[in-house]
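Structure, as structure tokens:
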Amino acid sequence: MNDLRYATRQFRRSPGFFAAACLLIALGVAANTQIFTFVNTLLLRPLPVSDPQSLIQLFLIRPRLPLYPYFDYPFLKLLASKSTTLTETAGHIEWILPLERPGGSAERAHPYCVTANFFTDLGVRPLLGRLLQAGDDHAAVLSYAYWSSAFGRDPRVIGQTIRIKGHAFRIAGVAPEGFSGTIIDSSPDVWVPFQNSTDFSGMTNPSLDNFAIEITARLRRGVTPAQAEQETAALWIRYQEEAFAADPKNHDLPGNRHLELHSLTYGLSPLRDQSRSALLLMLAGAGLLLLMVCANVSGLLLARAAARDKETAVRLAVGASRGRIARQRLIETLLLAAVGGAAGIGAAYASIPFVIRLLPPARGIGNDPAELRTLTIDFRPDFRVLVFSIGICALVAILSALVPAWRTSRYDLSTALKSSMSDPRHARFQAWLCALQVALCTVLLSGAGLMARTLENLRNLKTGFDPSHVSIFSMDPHSRGYDGQQAWLFERRLLDAVRALPGVDAAAISNRALMRGIGLVSWIVFPGQHGDGLPNTSAMSVSPDYFRVMGMHLIAGRQLKEGDLEEDGKTSRVVVNEAFVRKFFPAQDDPLGKQFSMGKEYAKPGYEIVGVVNDTNYRSLREVPPPVMYSYGLGPKKYPDTFVLHVRSRGNPREMIQRVQALVKSSDPQMPVYEVAALTDDIDRSLWQERLLVALASGFGAFAIALAAIGLYGILAHFVAGRRREIGLRIALGAEPGRVVWLVVQRIVPAVAGGIISGAAFSWISGRWLTSLLYRVQPFDLTSMIATLALLLAAGIAAAAIPVIRVIRLDPASTLRQE
């Protein structure tokens, strides 16, 4: 306590030093706390259910396709009755359907149908009312997110009635905050009993056995995941073989697919899968920034210790031990770390809600992966974040105190009593710390340069289509309750009305929009070939004017037209791209007129190629343009799927958006138009991860270069203050200004040179960790390194400016009189 009171008095006498050191520590701790909060939420926090470590989900692994989570409902019943390794088997399925609240109109919603044991097996307790249970019929449980947004957290919601696709459901309860099922990124709107799936199917005589469902279960006590997977895979193969023998038309043999069990300890998160490398990179960058903060604070403490050398020497002379002096220094550093760390933790906790609001909606979630879904992840810091933040503060205190404490342990009493502020040992310590800061700054700046180059390359990429002047509108006729015939008639009326709008050049419809990370694939085979049944081409269904709207050009043949739709017994005409031709016609054969079919064997001509168009990116800007076949997309449909309206205008596409929306509303006021954007904005949105990395890396780099400049300034300022007499003598004896300036500047040359060389070496070694995030940029990029060197040179010049000006303005007569 005496040490603490003494440290407090010392800092009270030096408020500038105290404020500067605390501010540096606060910034470093805040950055690390914020980023670790995201890492903790997405990578480390268990699913908020009972015993998440035993929870698993079944997936089918199919070559060249994403994980497939859907299984026949009879297989779930087989697992529940026959499995000796799994218990508490439950299931759920997501729908996208129209939902009507009391007194409201229909809106596009995401209900989940779940088995009766879904909530009890997960060990979830309700926030209000009760959860679903056996025997429930047309009951509903609201998610916390939907209860908050749609009902304003009104506790009187229990017992009210909502309508899903026209069917009434009574609200039985509200799920707890933070629970969103097995996917942590986005929450369902409502949970209803699985038996009510028949209300939504649209089949004439629906049966629950006809539905595919996602299956979760728990490992029995003492059972390993490998044992459970082996037994479950055997049960699945047996089920598939028996189902195929009973009904070969509607079931397939296992083939080249196999079943796997995946742990649900941390839940499922498409955002985690997309951002794992970026999160770890940001955490590493924040860690490097923290090391720079420690080096800078250590430099400040070293300068302060040097200024107190006489005091320290006297204390040693009158009997104080070196350990006693080191303990005093450590207490001072701990006080700085405690105050600065508390401020940093408070700032991080206070700013996290604002940072979360800046997160964009995400794709890849749920039943329609192309849809933008609002993130409902619970990013609130927990006990693990608090422990991490306190640990960071302790680490700052220890690392910052290392060099001053080591210097104290090597004190020579007689030298300390006679030395001045220009003690060469102190200068060497400062130089080493500054070299470390320059090295870390080099790593951060070069990383920021690589990410900036990546973003620039992606933005300048030639995609094969012209996104300017194009606006897009995603619509869902199924949520409106349309059947296939009604959806087709609505599409035709909409196209005719949009084309008649002033300023519209062309309009078209497709079943998918580009650059949304998702697409359709097909299995095709040509005559005389034997396919492997694996997807080998991408597919799009479009209306005839699609290529004109997208600015694509015809290379051979003709475009699609009326009558190209596949009909019973007739061949569907398709247009393919250049990548398709290169893949399937490597011998320069003319693809026009060639026919193919789907499946492993060529059975009958199902499709005929009538045209070839240029290649385009399909799913993302990073993707190599894949083979694509375009089929005619208008006509009566078996299922009224979502579609995307594309409108090319002569003016600003954003001005066209309101006019098209008004037209849709006048045609059908209840039609869900759930995603509207200029195509250029939609493409830019697909680069959100790259833009976020560039922003963070640039922020880290700016802070790092400021820290490096402060460190370099500290070396020069201390040198000038300690060598004023020598500099005054040199000027008085006629030294030229250039030589005097060089005498000062050369003090930082070794630190800068050594830091740049070591930092460049580390950047080259660690560059391979960035490879997955880069695009058309080498991990060690000369342009980025040159820009880094230029910035470090500018920082060195800025750091030297004030000390050099002081030297130039030095009056030798007054300086010598003072000395």
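The values are calculated or read from the model by the stated rules, or taken from the named source; none is laboratory data. Here the structure is a predicted model, which is why all the values come from computation and not from measurement. Virtual Cβ from ideal backbone geometry, glycine too; neighbours counted across all protein chains shown. These accessible areas exclude ligands, DNA and RNA; they are computed on the full protein's heavy atoms, side chains included. Shrake-Rupley method; radii C 1.70, N 1.55, O 1.52, S 1.80 Å.
General remarks:
- First in segment 544-566 and in contact (Cβ under 8 Å) with a residue 60 or more places away in the chain, second anywhere and among the acidic types (D, E), Cβ under 6 Å, 6 or more apart: G551/D466
- Selection of first residues in segment 345-365 that are more than 17 Å from G517 (Cβ to Cβ) and of second residues that are among the β-branched types (V, I, T) and surrounded by 13 or more Cβ atoms within 10 Å (Cβ to Cβ), restricted to Cβ pairs under 7 Å at least 6 apart or on distinct chains, gives the following pairs, ordered by first then second residue: I345/V29; I345/T33; A348/T33; I352/T37.
- Residues being open to solvent by less than 60 Å² (accessible area, probe 1.4 Å), of a type outside the set (D, E) and in contact (Cβ under 8 Å) with a residue 12 or more places away in the chain - total across segment 225-256: 9
- On inspection, I748 qualifies as at pLDDT 80 or above and not charged (D, E, K, R).
- Count of segment 598-627 residues which are in contact with a Phe, Trp or Tyr (Cβ under 7 Å, 6 or more places away or on another chain), buried (at least 19 other Cβ atoms within 10 Å of the Cβ) and part of a strand (DSSP E or B): 2
- Some residue of segment 262-284 being at pLDDT 90 or above and over 30 Å from L67 (Cβ atoms): no
- So V192, is it buried (at least 16 other Cβ atoms within 10 Å of the Cβ), without any contact (Cβ under 8 Å) to a residue 60 or more places away in the chain, of a type in the set (V, I, T) and not in a loop (DSSP other than H, G, I, E, B): no
- A217 closer than 30 Å to H138 by Cβ, touching a Gly at 6+ places or on another chain (Cβ under 6 Å), modelled with pLDDT of 90 or more and surrounded by 15 or more Cβ atoms within 10 Å (Cβ to Cβ): no
- Only one of A175, A212 that is out of contact with any Cys (no Cβ under 9 Å at 6 or more places or on another chain), crowded, with 22+ Cβ neighbours inside 10 Å, touching a residue at least 12 places away in the same chain (Cβ under 8 Å) and within 30 Å of L131 (Cα to Cα): A175
- From the list P126, P102, the lone residue that is modelled with pLDDT of 95 or more, within 30 Å of I158 (Cα to Cα) and open to solvent by 40 Å² or more (accessible area, probe 1.4 Å) is P126.
- Filter result (β-branched (V, I, T) and open to solvent by 50 Å² or more (accessible area, probe 1.4 Å)) within segment 373-390: T374, T376, V387, I390
- Whichever residue in segment 560-597 is open to solvent by 70 Å² or more (accessible area, probe 1.4 Å) and touching a strand residue (DSSP E or B) at 6+ places or on another chain (Cβ under 6 Å) and, among such residues, is nearest to S543 (Cα to Cα): E566
- When the test is whether a residue is touching a Lys or Arg at 6+ places or on another chain (Cβ under 7 Å), within 18 Å of P254 (Cβ to Cβ) and open to solvent by 10 Å² or more (accessible area, probe 1.4 Å), I61 passes it.
Table: residues versus (1) open to solvent by less than 40 Å² (accessible area, probe 1.4 Å); (2) closer than 19 Å to D199 by Cβ; (3) touching a residue at least 40 places away in the same chain (Cβ under 8 Å).
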| site | (1), (2), (3) |
| --- | --- |
| F75 | yes, no, yes |
| L79 | yes, no, yes |
| E88 | no, no, yes |
| L97 | yes, yes, yes |
| C113 | yes, yes, yes |
| L131 | yes, no, yes |
| H138 | no, yes, yes |
| L142 | yes, yes, yes |
| P155 | no, no, no |
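- Filter result for L67 (surrounded by 15 or more Cβ atoms within 10 Å (Cβ to Cβ) and either at positive phi or not basic (K, R) (or both)): no
- Unmet requirement for L634, which otherwise passes all of (1) open to solvent by less than 20 Å² (accessible area, probe 1.4 Å); (2) over 30 Å from M203 (Cα atoms); (3) in contact with an Asp or Glu (Cβ under 7 Å, 6 or more places away or on another chain): (2)
- Within segment 635-666, tally of residues that are under 29 Å from the mean Cα position of the chain (by Cα), under 16 Å from M540 (Cα atoms) and of a type in the set (K, R): 0
- Members of segment 521-580 that are over 27 Å from L679 (Cβ atoms) and polar (S, T, N, Q): Q529, N536, T571, S572
- Inclusion of V752 among residues that are in a helix (DSSP H, G or I), open to solvent by 20 Å² or more (accessible area, probe 1.4 Å), touching a residue at least 60 places away in the same chain (Cβ under 8 Å) and farther than 21 Å from T442 by Cβ is not warranted.
- Residue match in segment 47-57 (condition: crowded, with 16+ Cβ neighbours inside 10 Å and among the hydroxyl-bearing types (S, T, Y)): yes
- The single condition among (1) in a helix (DSSP H, G or I); (2) modelled with pLDDT of 70 or more that R407 does not meet is (2).
- Elements of type strands (runs of 3 or more DSSP E) in segment 464-524, at least 2 residues being surrounded by 22 or more Cβ atoms within 10 Å (Cβ to Cβ): 470-475, 504-510
- Scan of segment 87-108 for residues that are of a type in the set (G, A, S) and more than 22 Å from L122 (Cβ to Cβ), ordered by number: G103, G104, S105, A106
- Inclusion of A677 among residues that are among the small types (G, A, S) and touching a Lys or Arg at 6+ places or on another chain (Cβ under 9 Å) is warranted.
- Segments classed as strands (runs of 3 or more DSSP E), wholly inside segment 14-129, with at least 1 members that are more than 25 Å from T642 (Cα to Cα): 55-61, 86-94
- The number of residues in segment 525-550 being open to solvent by less than 40 Å² (accessible area, probe 1.4 Å) and part of a loop (DSSP other than H, G, I, E, B) comes to 9.
- Scan segment 86-140 for residues that are more than 31 Å from the chain's Cα centre (by Cα) and farther than 19 Å from G178 by Cβ and the total you get is 22.
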